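Scroll down for the structure; my scribbles are underneath it.
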Amino acid sequence: MMSVFDALELAGRSLSVQRTRLDVASSNLANAQTTRTEDGEFFRRRDVVLEDDALAASFGAHFDHALGESVRGVKVAEIREDEAPPRMVHDPDHPDAGPDGFVAYPNINTVEEMVNMITTMRSYQANLNVLSGLREMAQRALGIGRGV
Amino acid sequence: MLPLDVAAPWIEHALDLSSRRGSLIRANLANVDTPDYVPTDLDFEEALRAELRHRAHFGPMPGEPMSHKDESVQPSLDGNRVDLDREMTRAMANRMFFELGTEVISRKFNMMRYAIDEGGRT
C-alpha cells in the first residue's frame with residue numbers, strides 16, 4: 001500500500017524521466033546532419049535507457065519495504081551512445097569530406113526520432129493524467145461526508 | 001477523539017511546515033534557470049516522524065525542521081539542479097497536504113460549533 005504522496009512522487013519522477021527522453025530526442029533531431037563534434041567525429045545518436053527504481057527516501061518507503069516493494073518507480077539508468085556506423089554520403093565539396101570524397105553523417109533516422117518523441121509525449125500526458133486523477137481522488141476524499 | 005486544544009496545535013504545526021515547504025518550493029521554481037542553483041527542500045518526513053515519536057505522551061512540539069539541499073538530481077550544463085517536473089509535483093503534494101490540514105481543522109471547529117449550538121438547535 002502506498003500513500004497518496006508516494007504515488008505523486010512516482011508520477012513526478014516519471015514526468016522527469018519523460019522530459020529527459022524528450023531532451024535526448026530533440027538533441028538527436030537537431031544533430032541529424034552534424035558531421036563535427038568535440039571528438040572530431042560525426043555525431044552519435046543517443047538512447048535513453050530506463051530502469052525501475054525503488055521509491056526510497058520518500059514518504060512511507062519503509063512500509064512499502066515491508067510489503068515486498070510491489071510498487072516501483074522509474075529512473076534513467078544511462079544515456080547510451082548508438083554504436084551504429086555513420087551514413088556515408090559522397091560529397092567531395094563538403095569541408096569534412098574524407099580523402100575518398102565521402103562524408104560521415106550521423107546514422108539518425110528522423111522519422112524514428114519523431115516517433116520516439118510522440119510516444120514520449122504520450123507517456124508524459126499519461127503521467128499528467130495520473131497526477132490530476134490523484135488530485136481529484138484526494139479532493140473527493142476530503143469531501144466525504146460533506147455532501148460534495 | 002482528541003479535544004480541540006490538543007489537536008489544534010498539531011495541525012497548526014503541520015500547516016506551518018507545509019507552508020514553509022511551499023515557500024522553499026516556490027524559491028526553487030523561481031530559480032529554475034539560475035546557474036549552479038541547488039534546490040532546497042524541507043525534511044518533511046523527518047519532521048513528521050519526530051511528530052509521531054512525540055505523539056505518545058503529547059509532549060512538546062519537536063524543534064525546527066531542517067531544510068536540506070536536494071542534490072539527488074543530476075545538474076544540467078550550467079550546474080542547475082532544479083527538476084521542473086519534480087518541483088511541480090512536490091508543490092502539488094504540498095498543496096494537497098495543506099488542504100487536508102485545513103479540512104481537518106475546520107471539521108473540528110464545525111463539531112465544536114455543533115456542540116455549542118446544542119446540536120444545531122438554533
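Which values, in whole Å and largest first, are the semi-axes of the equivalent ellipsoid of the stretch A:91-148 obtained as the square root of 5 times each eigenvalue of the Cα gyration tensor?
On the way: eigenvalues 638, 13, 6 Å².
Computed over the stretch A:91-148, the values are 56, 8, 6 Å.
Of the residues A:17, A:7, A:73, the one whose Cα sits farthest towards the positive end of the charge dipole of chain A is A:7 (charges of +1 on Lys and Arg Cβ, -1 on Asp and Glu Cβ, taken about the Cα centre).
State, to one decimal in nm², a quarter of the convex hull surface area for the C-alpha atoms of the protein assembly as shown, i.e. the direction-averaged projected area. Can you show the working numbers first?
On the way: hull surface 79.2 nm².
If I average the Cα hull's projected area over directions, I get 19.8 nm².
Ellipsoid fit via the Cα gyration tensor, the stretch B:68-122: semi-axes of 46, 8, 5 Å, each the root of five times an eigenvalue, largest first. Each listed q (0.19 Å⁻¹) maps to a log10 I(q)/I(0) for chain A from the Debye sum over equal C-alpha point scatterers, namely -1.10. Residue order by solvent-accessible surface for A:19, B:86 is A:19, B:86, largest first, with ligands and nucleic acids left out and a 1.4 Å probe. Summed over qualifying helices (DSSP H, 4 residues or more, each -39500 (n - 2.57)) and divided by its residue number, chain A shows a 222 nm mean residue ellipticity of -15500 deg cm²/dmol. Calculated accessible area for the protein assembly as shown comes out at 60 Å² per residue, all protein chains present (probe 1.4 Å; ligands, DNA, RNA ignored).
The values are calculated or read from the model by the stated rules, or taken from the named source; none is laboratory data. Predicted, not measured: the structure shown is a model, and the values here were computed from it. With ideal geometry, Cβ positions are generated from the backbone for all residues, glycine too; neighbour counts draw on all protein chains shown. Side chains included, ligands, DNA and RNA excluded: accessible areas come from the protein's heavy atoms. Shrake-Rupley method; radii C 1.70, N 1.55, O 1.52, S 1.80 Å.
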